[in-house]
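J.: After the structure tokens below, expect a handful of questions from me.
The values are calculated or read from the model by the stated rules, or taken from the named source; none is laboratory data. The model shown is predicted, which means the values in this text are computed figures rather than measured ones. Every residue, glycine among them, receives a Cβ derived from its backbone with ideal geometry; neighbour counts consider all protein chains shown. Remember, those area values only see protein heavy atoms, side chains included, never the ligands or the DNA or RNA. Shrake-Rupley method; radii C 1.70, N 1.55, O 1.52, S 1.80 Å.
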Amino acid sequence: MTCIAGVVHKGRVYIGADSAVSDNSGLIETRLSRKVFRREGVLIGSSGSIRMKQLIRYSKGFPKPGKDIYSWAVLELAPWMWKLF
């Protein structure tokens with residue numbers, strides 16, 4: 001299970017996550033890889049597949065965010081992520 005939390009305070013955004021990785025057998029271990037990272041000025045929090053997180057963080061062609069962040073995420077970011085798989 002992953003926990004990612006974000007707070008906006010005095011115009012600044014703070015986001016953080018736990019460092020645990022688990023599997024279906026109940027094994028839980030601490031990892032050094034980040035679940036939260038910044039890319040092109042966007043804070044991204046991810047859960048699930050470690051490989052998916054690596055691809056989102058390091059693959060080329062990450063779309064530059066637009067002024068309407070929701071529209072950008074739906075129309076540009078999601079299709080780009082889909083092509084990674």
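J.: Out of all the residues in region 56-70, is one or more hydrophobic (A, V, I, L, M, F, W, C), within 24 Å of Met1 (Cα to Cα) and free of Cβ contacts under 8 Å to residues at least 60 places away in the same chain? Spell out how you get there, then give the answer.
T.: Kept after step one, since they are hydrophobic (A, V, I, L, M, F, W, C), are these residues of region 56-70: 56, 62, 69.
With within 24 Å of Met1 (Cα to Cα) added as a condition, the list becomes 56.
Remaining after also requiring free of Cβ contacts under 8 Å to residues at least 60 places away in the same chain: 56.
So far as region 56-70 goes, yes, one or more of its residues are hydrophobic (A, V, I, L, M, F, W, C), within 24 Å of Met1 (Cα to Cα) and free of Cβ contacts under 8 Å to residues at least 60 places away in the same chain.
J.: May I ask you to list pairs of residues, at least six apart or on different chains, whose Cβ atoms are under 8 Å apart, with the first in region 33-48 being farther than 15 Å from Asp18 by Cβ and the second being of a type in the set (Phe, Trp, Tyr) and at pLDDT 90 or above?
T.: Short answer, once both residue conditions are applied: Arg39/Phe62; Glu40/Phe62; Leu43/Phe37; Ile44/Phe37.
J.: Give the residue that is nearest to Gly48 (Cα to Cα), with candidates limited to residues of region 1-11 that are β-branched (Val, Ile, Thr) and open to solvent by 60 Å² or more (accessible area, probe 1.4 Å). Break it down stepwise before answering.
T.: Residues of region 1-11 that are β-branched (Val, Ile, Thr), as a first pass: 2, 4, 7-8.
The next check asks that each one be open to solvent by 60 Å² or more (accessible area, probe 1.4 Å); those that pass are 4, 7-8.
Working: Ile4: 12, Val7: 22, Val8: 25 Å.
For region 1-11, the residue satisfying everything is Ile4.
J.: Hey, among the residues in region 19-42 that are closer than 30 Å to Lys67 by Cβ and more than 12 Å from the chain's Cα centre (by Cα), which one's surrounded by the most Cβ atoms within 10 Å (Cβ to Cβ)? Spell out how you get there, then give the answer.
T.: Here is the first cut: in region 19-42, the residues closer than 30 Å to Lys67 by Cβ are 34-42.
Narrowing further to those that are more than 12 Å from the chain's Cα centre (by Cα): 40-41.
Numbers: Glu40: 10, Gly41: 7.
Per the stated criteria, the residue is Glu40.
J.: Which of the numbered conditions does Tyr14 fail, given that it passes all the others? Conditions: (1) open to solvent by 80 Å² or more (accessible area, probe 1.4 Å); (2) on the phi > 0 side of the Ramachandran plot; (3) within 16 Å of the chain's Cα centre (by Cα).
T.: Every condition holds for Tyr14 apart from (2).
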